[in-house]
Amino acid sequence: MHSDRAPLTLKLAAAGGLLFLHLPILLIFVYAFTTEEKSFAWPPPGLTLKWFAVTWHRPDVWEALALSVRVAAISTVLALILGTLCAAAVSRTRFFGRETISLLVILPIALPGVVTGIALRSAFSLADVPFSTWTIVLGHATFCVVIVYNNAVARFRRTSGSLIEASMDLGANMFQTLRHVIMPNMATALVVGGMLAFALSFDEVIVTTFTAGQQQTLPIWMLEELVRPRERPVTNVVAMVVALVTMLPILGAYYLTRGTDQVAGQGK
Amino acid sequence: MIAARSESIGTRLSDMLWRRPAVLLVLLLLPPVLWLGIIYLGSLFALLLQSFFSIDHFTGLINYRFTLSTYAELFTPANFDIILRTVTMAACCTLASAVIAFPIAYYAARYARGKWRAVFYLGIMMPLWSSYLVKIYAWKLILAKEGILTWALEGLRLNWLLEAYLSLPVVGGNSLSVSTTGTFIVFVYVWMPFMILPIQAALERVPGSMLEASGDLGARPAQTFRHVLFPLALPGIVAGSIFTFSLTLGDYIIPQIIGTSRLFIGQAVYQHQGIAGNIPLAAAFAVVPIVIMGLYLWGAKRMGAFDAL
């Protein structure tokens with residue numbers, strides 16, 4: 001009949017659902033400019049840019065940001081290496097225990113974050129490992145592997161095996177094939193996986209509270225402010241900046257994979 | 001000369017690996033399996049081990065002897081309440097997420113074409129990937145007593161309705177930001193996007209002609225939904241519910257920021273390991289979501305939910 005026209009109720013329900021998802025985030029952008037200091041009063045009594053300058057001169061915000069970027073960068077590199085290797089093994093060959101390997105990779109995000117967190121914490125306590133940047137990285141890299149893995153596996157599946165055989169028939173050895181045939185094919189998938197892994201690590205707070213000790217990543221800094229607010233306007237500005245920054249990777253992922261059948265960012 | 005020589009080493013190595021794919025496979029798998037096996041499984045094992053220890057309540061030190069007494073503590077009324085409350089909350093959130101996510105997923109799968117496909121894709125992905133804490137913070141702004149919700153209800157002359165609702169037991173409280181309802185709203189908001197994509201994937205496999213056939217055979221839209229669309233979407237809904245259920249089960253930050261002082265499993269884990277230093281009890285609490293999710297995944301697998309992932 002009229003299968004290409006959606007019923008009105010469905011349209012309203014879908015639009016309502018999407019508005020429910022987006023309006024709260026937009027609110028963050030208004031609050032960053034409010035002149036109100038002590039409460040969350042709406043509507044904002046006035047608008048100002050003052051808090052951006054105040055935030056800019058806060059060393060604790062910069063330190064937390066630096067730590068977050070450092071942790072996310074190291075974790076992303078580790079996840080890229082481990083995830084790509086694992087994806088190459090799983091998608092190229094069938095072997096005993098293949099399903100177990102995929103399960104092992106997915107497990108860190110399938111189980112609640114608090115389980116991963118307390119597990120690492122109790123391992124550190126049993127093994128007497130002192131908290132440091134590296135204990136944070138250990139946790140982050142572990143759950144970032146799956147993001148890279150998912151993207152790489154999808155791309156490996158679409159890269160035809162005959163392409164690789166052709167390259168080797170024409171006299172290229174395995175490393176030349178890797179350099180000139182496999183890598184150019186994988187590049188965008190790895191960039192997307194890397195960006196999303198970075199975003200995941202940059203924003204992670206649940207596991208980090210268990211592995212950070214006294215150090216503050218940006219999410220931990222924000223959590224402190226949410227539990228014990230000190231200067232609300234600064235929190236507002238940081239929240240807006242974080243909201244903007246975390247949108248970039250998914251926009252980039254969309255831009256790089258549009259036109260393919262791959263849906264980036266599916267498995268968070 | 002050196003270049004030619006190193007290339008021949010490369011070629012020889014590559015020939016060797018080509019003839020022995022098992023060696024290549026082991027080389028590929030070794031780093032990730034070692035990492036995940038030692039760091040992740042090792043930690044899970046340490047967690048399991050800790051849960052069989054106990055704490056000496058007088059000295060506050062951990063007693064490294066095998067015992068089941070820590071698990072027995074889970075069944076004291078206060079602790080069992082925490083587990084029950086968390087599971088109920090996770091179930092309610094999963095249900096509400098499915099109801100809100102379904103129309104979005106259905107529209108995206110069946111009607112969104114061309115430009116609208118991109119709009120829906122980004123419309124679903126951006127909230128999914130935007131910062132977790134920022135999302136919680138946004139709701140703190142909305143639900144605060146002086147916030148936008150109260151303002152809007154006052155504008156509509158409906159604030160008596162909110163007052164009446166807040167005076168209800170269990171779900172009510174002083175203001176929405178310190179009530180169980182507030183916790184529920186934020187849980188649904190934060191985890192609902194995880195439900196949309198699996199449902200959408202399941203619905204995209206339903207041919208439009210099947211729904212038309214159902215209508216042609218005389219089914220009203222509600223009947224088509226009940227007997228054709230819903231059963232076909234169910235594996236997707238179950239797949240999505242794995243995420244919403246598991247994530248709600250283990251979250252301890254949302255109820256800490258928005259909600260009452262009554263604890264959830266995640267908070268119990270955090271408090272026992274932190275302030276109390278009772279890692280064994282924290283570990284035993286953490287085993288609860290693992291067991292529940294294990295049962296849940298087993299059930300979901302039997303319903304064929306993994307094909308929709």
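The values are calculated or read from the model by the stated rules, or taken from the named source; none is laboratory data. Note that the structure is a prediction, hence the values are computed from the model and not measured. Using ideal geometry, Cβ is built from the backbone for each residue, glycine included, and neighbour counts are taken over all protein chains shown. We work out accessible area using only protein heavy atoms, side chains counted, and drop any ligands, DNA or RNA first. Shrake-Rupley method; radii C 1.70, N 1.55, O 1.52, S 1.80 Å.
Points to keep in mind about this one:
- Whichever lysines have a C-alpha closer than 27 Å to that of A:Lys38, once near sequence neighbours (fewer than 8 apart) are set aside: A:Lys50, B:Lys135, B:Lys140, B:Lys145
- Positive-end ranking of A:Met168, A:Ala187, A:Thr208 along the dipole of region A:63-218, with charges on Cβ about the Cα centre, is headed by A:Met168.
- Longest DSSP-loop-exposure-free segment, trypsin sites (Lys or Arg not before Pro), chain B, at most 15 other Cβ within 10 Å: B:1-64
- Cα gyration tensor category, rounded, prolate or oblate, for region B:10-137 with a/c compared to 1.5: oblate
- Cut-off 13 Å between beta-carbons: net charge of the residues surrounding A:Leu27, Lys and Arg +1, Asp and Glu -1: +2
- Fully extended contour minus Cα-Cα distance, from B:Ala118 to B:Arg205, at 0.36 nm per residue: 29.4 nm
- Using R0 = 22 Å, the C-beta based FRET efficiency linking A:Ala15 and A:Leu244 works out to 0.35.
- Within the shell defined by Cβ-Cβ distances under 15 Å, the residues around B:Leu28 carry a net charge of +4, with Lys and Arg each +1 and Asp and Glu each -1.
- Full-extension gain in nm, B:Ile38 to B:Tyr165, via 0.36 nm per residue minus C-alpha separation: 40.6 nm
- log10 of Debye I(q)/I(0), alpha-carbon scatterers only, for region A:41-133 at 0.14, 0.15, 0.18 Å⁻¹: -0.84, -0.90, -1.05
- Taking region A:63-218 and dividing mean pair separation by its residue count, relative contact order in percent (alpha carbons under 8 Å, at least six apart): 46
- DSSP H segments from chain A that extend 18 Å or more along their own axis, Cα-based, with Kyte-Doolittle mean of 1.6 or above: A:8-31
- Three-way shape call for chain B based on the alpha-carbon gyration tensor, with the a/c threshold at 1.5: oblate
- Shielding by partners, peptide B:9-15 (average Cβ within 10 angstrom, other chains): 4
- The magnitude of the dipole of region A:63-218, with charges of +1 and -1 set on the Cβ of Lys/Arg and Asp/Glu and taken from the Cα centre, is near 380 debye.
- Dipole-positive endmost among B:Ala201, A:Ile25, B:Val134 within the protein assembly as shown (Cβ charges, Cα centre): B:Ala201
- Label-to-label distance, B:Arg19 versus A:Val69, with points set 7 angstrom from Cα along the beta-carbon direction: 5.1 nm.
- Neighbouring partner chain Cβ atoms per residue of A:237-243, average, 10 Å criterion: 4
- With N the number of residues in the protein assembly as shown, Rg(Cα) / (2.2 N^0.38 Å) evaluates to 1.03.
- Distance between the pseudo-spin-label points of B:Ala276 and A:His22 (7 Å out from Cα toward the beta carbon): 4.5 nm.
- Taking label positions 7 Å along the Cα-Cβ direction at both B:Thr260 and B:Thr88, the computed distance is 0.9 nm, reported to one decimal.
- Chain A shape via C-alpha gyration tensor axes, a/c threshold 1.5: oblate
- Summing both sides, the accessible surface hidden between B and A at a 1.4 Å probe radius is close to 8400 Å².
- Ellipticity estimate at 222 nm from DSSP helix runs (n ≥ 4, -39,500 (n - 2.57)) divided over chain A, nearest 500: -24000 deg cm²/dmol
- Taking the Cα centre of chain A as origin and assigning +1 to Lys and Arg Cβ atoms and -1 to Asp and Glu Cβ atoms, the resulting dipole is close to 420 debye.
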